Structure formats: C-alpha cells, structure tokens
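Asks: First, the structure itself, so that you have it in front of you.
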Amino acid sequence: MSLGPEASITDETTTPTADAAEERDRGEKAIAGRSLKQIAWRRLKKDKVALAGGIVVIFLIVVAILAPVLTRLWGHPIDEYHVDQIDPTLSTPLGKLGGISRHFLLGVEPTSGRDIFGRILYGAQTSLTVAFLSAFVSTAIGTIFGLAAGFLGGWVDSVISRVMDFLLAFPQLLFAIALVSVLPDTILGLGDRWSRVLVLVGVIGFFGWPYIGRIVRGQTLSLREREFVEASRSLGARSPRILFRELLPNLAAPILVYTTLIIPTNILTEAALSFLGVGIPPPNPSWGGMLSDAVAFYSIDPMYMIIPGGMIFITVLAFNLFGDGLRDALDPKAR
Amino acid sequence: MSENLLEATGVEKHFPITKGLFKRQIGAVRAVDGIDLSIRTGETLGLVGESGSGKSTAGRLFTRILEPTAGTITFEGEDISHKSVTQMRPLRRDVQMIFQDPYSSLNPRHTVGAIISAPLQIQNIPTPNGVKKAVQDLLALVGLNPEHYNRYPHEFSGGQRQRIGIARALALRPKLIIADEPVSALDVSIQAQVVNLMEDLQREFNLTYLFIAHDLSVVRHISDRVAVMYLGKIVEVADRDDLYKNPRHPYTVALMSAVPVPDPVRRDRAQRERVLLTGDVPSPINPPSGCRFRTRCWKAQEICATEEPPLITRLDDPESHLTACHFPVVNDETVAGRRPAATPA
Ligand SMILES: Nc1ncnc2c1ncn2[C@@H]1O[C@H](COP(=O)(O)OP(=O)(O)OP(=O)(O)O)[C@@H](O)[C@H]1O
Ligand code: SF4
Ligand SMILES: [Mg+2]
C-alpha cells in the first residue's frame, strides 16, 4: 500500500488507458480473442506423446467401426473353423508364431483354427463400445449428481456423498457376476452379443459414476466460491443460469479429461469380466475372453496370449497418454 | 448530500458452525455483530478494518447476497432485509458490486462482451443500438479499447480486468456501488488509475460508493466519510478530515500509525509515532466481552471488560463523529510507542 496519506492520487499523470498491456495491444492487428479452447489445442499439438496416444485412439476407433469391412478384405469370418491350419496331434497352429501367414495376418486359434485378425477387430468393437458407452453413462450420472451435491450443498450433498462412498467401496466385479447370472441372455430383443454389451455398459457405467461425481462435486464447490458466481448473483441471475452459463463451461474441461481417463479403466474392467466368463458370450470375440482362452495354451502357443494382451495394453496406454496430455493442455494454471 | 440511500440498523450476520452428518449447530461466526451505518446519497463512504473484521460480509449484506440474521437494511426507505431472491431482482439494478480479485471475479470461459452484457441480459434491459454497441460504449467508458469485446479475461492485465469489472457494475446504471477492496490486488502504480477512474465515473453518473479497504491510506483520497470496523462492529465513524485529524478510537489511532509514509522526512516522524498493533485479532466465534478491542488496547481498564462502549459522539466532537470507546484518545495524548507531540523532531 503506498497510497500514503500524503501521496495525492490526482497528482499522478496517468491517463485511464495507460496500463502496460493495453499499450502493447495497440500495435497488434489481431483483435479477435483466443479462447481457452484454442490455447489448449495449440498446447496439445506440441505434446508429441499425447498426440501419438490420440492417433492410436483414433486408429482403434476407425478399426472398430470398419471391423466387418476389414475382416472381409483381409480376414475370415469370426466363427469359421480352419482345422487345416492346425497340427492334428498338438492342436497348435501350423507354422511359426501361432500360424501367422499371408492369409491369417495374426495367426489362428489353437484347436479351432479361427482367424485371430477378425476376432481382434470384432473384439475391439466390443471393448470400445462398452468402454465408451459406460464412460458416457458414468459421466452423465456423475455430472448431474456431482453438480447437485456441490451446488445445492446441505443434506443433498451429504446424501450424494455417502452414496458415492458406498459405491466406491462396493465389490463391483462380484456384483456384475451375480447380476449376469440372473439376467436373461437376450434383452430388449437384441442379440446375445448386444444384450450383454448393454448389461456391461449398465454395470460398468453405474459403478463408474462416483469417480466423475467426486471430481465434479469438488470443482463445483470451489467454483461456487469464486467471485464471478457472486457477481452473477448480485446481477439477479437465477440458479439455472448460474449452473449452466457460469459453472458448467468451467467444468467442461475436467469432465472431458476424466471421461477420457475412465475409458481405459472401463476397457480393463470389461476385459476382466470377459476373462471371468461373464462378459460377451462365445462365440462372439472379446479381448478378455481371448485372453482367458489363451491361458490353457500359453506354454505351447504364446502368440495366442500375446496378441489380445498386447491389444489391451496398447489401447489402455494410448487412452491414458492422450488423457494425461489433454489434462495438461486444459490446465488453466499452466497458462 | 443529506438523504440516506442505504441504512443499516443493528445488522447482524452470524454464520452457523455445524458438525456431523445432521449439521447440528455448535456455535456461530459472528462476522457482523450489530452495526448501524448509513450511506448518504452521492457520498463515498470508506469502510476500513483488518482482515476478518467483517467488511466483506457487511458489503454482501448491503447488496443482499447474504441475508442478515438480525437487524434491518433499508434502501431508499424500503426495507430489503428479508426480501426473497425474486423480490430483490428488480432492486439489483440499483446496487452493484466491484470485487477484490480481478482474476476470480471474471468468468474465464466468457468473452469480455459476454461478461459486460450479462447484466443487460439478466435484467432484460433493452439495447436500442444493439448489445455490441452497448458493450463497446461501456468499454470506452472505463478506458478500454472497444474493439477488445471478444477477447477473454486472461488476455488482460490485472488493472484492465478490474476496469472490466467496473464496466459490468456500471452496465445497469446503479445508484450505489459497493466496492470490496477494488484495488487491493493491483500493482501500486495501477491502484491510483483505478481509483481515479472510479472518481470520474462517480461524478459523471452521480454514483454513491461504499469503498471497502483494509487500510486507511487507500480510502483517504476518495472518501467523504470513513467508518472503521473491528471484529464485526463499527468502532468509529466520522467525516474524512475530522477522522484523520482527530482519531478517537485507539484502534483507529493504531491503524493510522500503521500507514507507511512515502515522504522520507515525514517517514522519520511517522516511525516514531507508530503504535504497535500487537497480537492477533480474536476469533469472531468468541469475541471478548465488553469492548472487543480490549485484548489489544493499551488504554483498557476494568470497565472495558464489563461494559460495551456505545457508538456515540465523544468529547467535543461534531455530531457526525461517533466513537465506541470509554476512553477516547484526546489530541495531544501520549500514546504507547508515540512520544508526546511537544518533543522536538
Ligand atoms: N460464508 C461464511 N461462513 C462462515 N464464516 C464466514 C463466512 N464468510 C465469512 N466468514 C467469517 O466471517 C469473518 C469476517 O469475514 P469477512 O470476509 O467479512 O472479513 P473481511 O473484513 O472482508 O476480511 P478481508 O480483509 O480478509 O476480506 C471471518 O472470520 C470469516 O472467516
Ligand atoms: S473501550 Fe476500553 S478497551 Fe475499548 S478501545 Fe476504548 S479504552 Fe480500549
Ligand atoms: Mg473481504
């Protein structure tokens, strides 16, 4: 504080526009503002690791969508047996590296001789569908309840917070196993594959929302105290305006980041459930299911285990790298 | 200059302290504990006090962002103490706020145009020449480049952001502006510019200000009257010159001597006159009995612990000068740490 009692403020020869930054701006031609979105994108483009993760993610999504086409071009139907590719005595694939050849790009399954390439592609379809949809479910529920808890506070917050604690402590895998065994194989007239996908999305999505909910609640609590919210109130803004115009735009970044980071977790959960036999029912392929099948053959046909395992690893890693990069790029502190 | 725009009588704000799942109340933060204060039309009233004395809470009560737990607040003669959010909405046009932190008071996701036009939108104010023109006029008014309306807050300096906050407060052409430490977060060189701007705008739009600050030097230039607050109470209020010449409350004297003086010749004298404000501010949860300043007051006597001093005119002060102290400081008094005025420099 140097506006001492003797320092007359009016003596200072300052024009109202003399702020340093203002002067600097004078010369600039570009008047349009750079939004935080543009800044984040610029930063993300410089982050090579995150960018690589993002490219792998996009590649996987394209592959999953085009699975039927790619399989027709370079593979074989997922439930077509190729016993001619199998050594009849050992029931392992003929040829090196699990039977990798020009016709079977990733080799064949032991015993049945089914094409691993096609099954991996369809497995990607299942994995990504389950992971994305359940992340979407988690985000939707988590955002609504997190916002309600943080914004309304009081007993609403107490109740929602307790429910989140409860769900986070709940043995999700056991519940899923129990649920799958009591539910019918087909629901809503979907085939057995998509029925199970729906159940998995429901279970994984439901148990995942507290992770998003906690983040949103915490962010809302801290944003609520920011002066711009008070400013909006003192202008006479109603609660919906404060929620959707003031708070939500500031929550978009953390929600996006944590949705991206929950996807790899969901992929692992789906793989675990399929591995335990409550995932996608055979003969429909899933990475976790393939891994489970491969356990019996790991010593004589290691490729059969390495391929789905590697796919899970690469996918999870790519999502995590991309998610971390996204978080850094959107971090308002590192401006 | 005489009519009261806003009047507070016995206003209290106690924040409950709750514990456990069922939010059982175990105490209260007595942030504002019975204040009487009036803001006259057209004046600037300075409100000064240390951190935690309840200045911001008082400001929020006057804008009715908070509801008082006791007492009445009237604005233009109308009791607004317990008006609902909906009832308050039309009144929001008349009372606006300027905030302390130029970083948290502007939504980082909105453009300056969106920020400044928000009041017009929320209050459904017609803009005959379009919203953009209205925003640009306001930007020009506070000395910013009108072409910057679609920039984001992070592209501006602290002083410029504070100007944006001022433009937002002005958008509704309010009568009263509560400025909560509007320059505390700014560089010293920029503080004066912002204060000057506020003065210019006051003249142009006949504004009334409640100017909150945590030290007396900041409000000296701009205020017509100054109120000093300590632990939720007003301890002294007087016309500006009167207060700086004849501070009566020991707390005011202490605050005044805590002011650094830029002039080196005067600094020498000021340093010798410094009254140390020792100790911390007691907790507003359990304020001291009687006079709240007694735990830090060098003049405290027995009566100070038992009897709360009323806020009244003391000694031969004019009617406008009120002090809440049993033993007000007289002009040539020897104060602890301050030598008698007669001692040659
Ligand atoms: N919402 C709240 N809930 C509980 N206590 C509060 C709340 N707001 C303020 N307080 C308490 O009330 C007291 C006065 O706070 P206030 O913010 O009004 O002080 P201040 O004079 O503005 O201080 P500063 O100079 O730090 O801004 C403080 O002890 C503070 O902790
Ligand atoms: S009333 Fe007593 S304790 Fe309080 S300020 Fe006056 S002299 Fe000090
Ligand atoms: Mg304050």
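The values are calculated or read from the model by the stated rules, or taken from the named source; none is laboratory data. Just so we're clear, the structure is a prediction, and the values are computed from it rather than from any experiment. With ideal geometry, Cβ positions are generated from the backbone for all residues, glycine too; neighbour counts draw on all protein chains shown. Quick note on the areas: whole protein, heavy atoms, side chains included, nothing else; ligands and nucleic acids left out. Shrake-Rupley method; radii C 1.70, N 1.55, O 1.52, S 1.80 Å.
Asks: Over segment B:1-76, with every protein chain in place, what whole percent of the accessible area is carbon and sulfur at 1.4 Å, could you tell me? Please report the intermediate quantities before stating the final value.
Replies: Numbers: 1590 of 3280 Å².
The C+S portion of the solvent-accessible surface of segment B:1-76 is 48 percent.
Asks: Which value in nm describes the separation of the simple spin-label points at residue B:36 and residue B:278, placed 7 Å from the Cα toward the beta carbon?
Replies: Taking the two extended label points, one gets 3.4 nm.
Asks: Do any residues of segment B:193-207 show a loss of at least 20 square angstrom of accessible area between the isolated chain and the full protein assembly, using a 1.4 Å probe, and if so which?
Replies: Output list: B:193, B:196.
Asks: Hey, another quick one. Considering only DSSP beta bridges with both partners in the protein assembly as shown, what is the antiparallel share in %, to the nearest 5?
Replies: Of those bridges, close to 65 percent are antiparallel.
Asks: Compute the separation of the alpha-carbon centres of segment A:224-266 and segment B:19-65 and state it in Å as a whole number.
Replies: 28
Asks: Put a dot 7 Å past each Cα toward the Cβ at residue B:121 and residue A:155; how far apart are the dots in nm?
Replies: Simple spin-label model gives 3.5 nm for this pair.
Asks: Okay, moving on. Quick one: if the Förster radius is 60 Å, what FRET efficiency do residue A:72 and residue B:82 give, using the C-beta to C-beta distance and rounding to 0.05?
Replies: The computed FRET efficiency comes out at 0.25.
Asks: Helix B:158-170 against the longest principal axis of chain B: what's the angle in degrees, Cα atoms only, rounded to the nearest 10?
Replies: 80
Asks: Taking the Cα centre of the protein assembly as shown as origin, work out the dipole magnitude from +1 charges on Lys and Arg Cβ and -1 charges on Asp and Glu Cβ, in debye rounded to 20.
Replies: Here the protein assembly as shown has a charge dipole of around 900 debye.
Asks: Along Cα→Cβ, 7 Å out, is where each label goes; now give me the distance between the ones at residue A:177 and residue B:150 in nm to one decimal.
Replies: Modelled inter-label distance: 5.9 nm.
Asks: Please work out how much length the chain gains when fully extended from residue A:314 to residue A:222, using 0.36 nm per residue of separation minus the C-alpha to C-alpha distance, in nm with one decimal.
Replies: 29.5 nm
Asks: Counting only protein heavy atoms and rolling a 1.4 Å probe, how much accessible area do B and A lose on contact, total for both sides, in Å² to 100?
Replies: Working: alone 16850 and 19190 Å², together 30910 Å².
What B and A bury together is about 5100 Å².
Asks: Over segment A:119-330, what number does the Rg to Rh ratio reach, with both radii from the alpha-carbon atoms and Rh per Kirkwood?
Replies: For segment A:119-330, the value is 1.07.
Asks: Follow-up question, since we're still on this one. Out of A:153, A:265, A:284, whose Cα points farthest toward the positive end of the dipole of segment A:119-330 (charges: +1 Lys, Arg; -1 Asp, Glu; placed on Cβ)?
Replies: Highest projection toward the positive end goes to A:153.
Asks: Relative to the isolated chain, which residues of segment B:58-103 have their accessible area cut by 50 Å² or more in the presence of all protein chains (1.4 Å probe, heavy atoms, no ligands or nucleic acids)?
Replies: B:65, B:89, B:99
Asks: Let me ask something additional. Roughly speaking, to the nearest percent, how much of segment A:109-155's 1.4 Å accessible area is carbon and sulfur?
Replies: Of all accessible area on segment A:109-155, carbon and sulfur atoms account for 83 percent.
Asks: Here's a follow-up. Let's test this: bin the Cα-Cα distances of chain B at 10 Å from zero up to the farthest pair and state each bin's percent.
Replies: For chain B, the pair-distance distribution reads 5, 23, 31, 24, 13, 4, 0.
Asks: While we're looking at this one, here's another question. List every residue whose amide H lies under 5 Å from the amide H of residue B:18, counting only residues 5 or more places away in sequence or on a different chain, with H placed 1.01 Å from N in the peptide plane.
Replies: Placed amide hydrogens put B:26 under 5 Å from residue B:18.
Asks: Per residue of segment A:222-229, in order, report the coupling 6.51 cos²θ - 1.76 cosθ + 1.60 (Karplus, θ = phi - 60°) as ³J(HN,Hα) in whole Hz, putting x for Gly and Pro.
Replies: Here the 3J(HN,Hα) series is 6, 5, 4, 7, 5, 5, 5, 5 Hz.
Asks: Given chain B, what count of lysine pairs have C-alpha atoms under 23 Å apart, with each pair 8 or more places apart or on different chains?
Replies: Here the count comes out as 12.
Asks: For segment A:119-330, what relative contact order do you get, as a whole percent, if you take Cα pairs closer than 8 Å and at least 6 residues apart?
Replies: 29
Asks: Pull up all non-local amide H partners of residue B:229: gap of 5 or more, or a different chain, and H-to-H distance under 5 Å with H placed in the peptide plane.
Replies: Amide H neighbours of residue B:229: B:48, B:49, B:235.
Asks: Sticking with this one: To test your reading of the geometry: what angle, between 0 and 90 degrees and rounded to tens, separates the Cα axis of helix B:112-122 from the longest principal axis of chain B?
Replies: 90
Asks: Now a separate question. Treat every Asp and Glu Cβ in chain B as -1 and every Lys and Arg Cβ as +1, leave all other atoms uncharged, and give the resulting dipole magnitude about the Cα centre to the nearest 20 debye. Walk me through the numbers before you get to the answer.
Replies: Working: 41 positive and 40 negative charges, 228 e Å.
Its charge dipole is roughly 1100 debye.
Asks: For segment A:106-174 and segment B:96-145, what is the separation of their C-alpha centers, rounded to whole Å?
Replies: If you average the Cα positions of each part, the centres end up 42 Å apart.
Asks: Could you do me a favour and compute the accessible area per residue for the protein assembly as shown, 1.4 Å probe, result in Å²?
Replies: Here the per-residue accessible area is 45 Å².
Asks: Let me ask something additional. Using the charge dipole of segment A:119-330 (Lys, Arg: +1 at Cβ; Asp, Glu: -1 at Cβ; taken about the Cα centre), state which of A:300, A:229, A:123 has its Cα farthest towards the positive end.
Replies: A:229
Asks: While we're looking at this one, here's another question. Can you compute the FRET efficiency between residue B:19 and residue A:239 using 1/(1 + (r/R0)^6), with r the Cβ-Cβ distance and R0 = 35 Å? Round to the nearest 0.05.
Replies: 0.80
Asks: Then there's this: Work out the FRET efficiency for residue A:192 and residue A:331 from their Cβ-Cβ distance, taking R0 = 45 Å, and round it to the nearest 0.05.
Replies: In this case the efficiency is close to 0.55.
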